[in-house]
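One structure below.
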Amino acid sequence: MTRTTLTKADLIGCVQTAGFTKGAAEQAVTAVFGAIAAAIAHGRDAKLPGIGTLTLKDQPARSGRIGARSYERPAGKRLVLHVASSLKEAINP
């Protein structure tokens with residue numbers, strides 16, 4: 001199986017097939033991704049039907065090791081994707 005990446009240009013092309021001009025399609029795709037990023041940045045979940053839910057989780061501080069050297073990793077946030085059951089079923093029928 002060859003792996004390929006779905007790019008922003010690919011998404012713009014998909015929106016164009018719905019009858020939008022290239023410029024309007026690019027604005028629409030940019031607006032959607034901007035809205036998702038802004039919602040997540042403000043602590044809101046982003047529910048994407050058929051894909052899943054993007055959620056920010058708190059990551060507590062912890063200690064780690066690289067070889068013999070120990071270090072402290074500061075607390076922070078991480079982005080988690082809870083995959084939709086319909087996508088899970090499509091991936092693993």
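The values are calculated or read from the model by the stated rules, or taken from the named source; none is laboratory data. The structure presented is a predicted model; accordingly, all values stated were derived computationally and were not measured. Here the Cβ positions follow ideal geometry from the backbone for every residue, glycine too, while neighbour counts run over all protein chains shown. When the accessible area is computed, the model is the full protein with side chains, heavy atoms only, and any ligands, DNA or RNA have been set aside. Shrake-Rupley method; radii C 1.70, N 1.55, O 1.52, S 1.80 Å.
The figures follow:
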quantity	calculated
Residue list for region 22-49, restricted to those being part of a helix (DSSP H, G or I) and open to solvent by 50 Å² or more (accessible area, probe 1.4 Å)	Lys22, Glu26, Gln27, Thr30, Ala31, Val32, Phe33, Ala35, Ala37, Ala41
Filter result for Leu56 (open to solvent by less than 80 Å² (accessible area, probe 1.4 Å), among the aliphatic types (A, V, I, L, M) and touching a Leu at 6+ places or on another chain (Cβ under 7 Å))	yes
Number of the condition not met by Arg65 [criteria: (1) loosely packed, with under 11 Cβ neighbours inside 10 Å; (2) within 14 Å of the chain's Cα centre (by Cα)]	(2)
Whichever residue in region 1-20 is open to solvent by less than 90 Å² (accessible area, probe 1.4 Å) and not in a helix (DSSP H, G or I) and, among such residues, is farthest from Leu56 (Cα to Cα)	Gly19
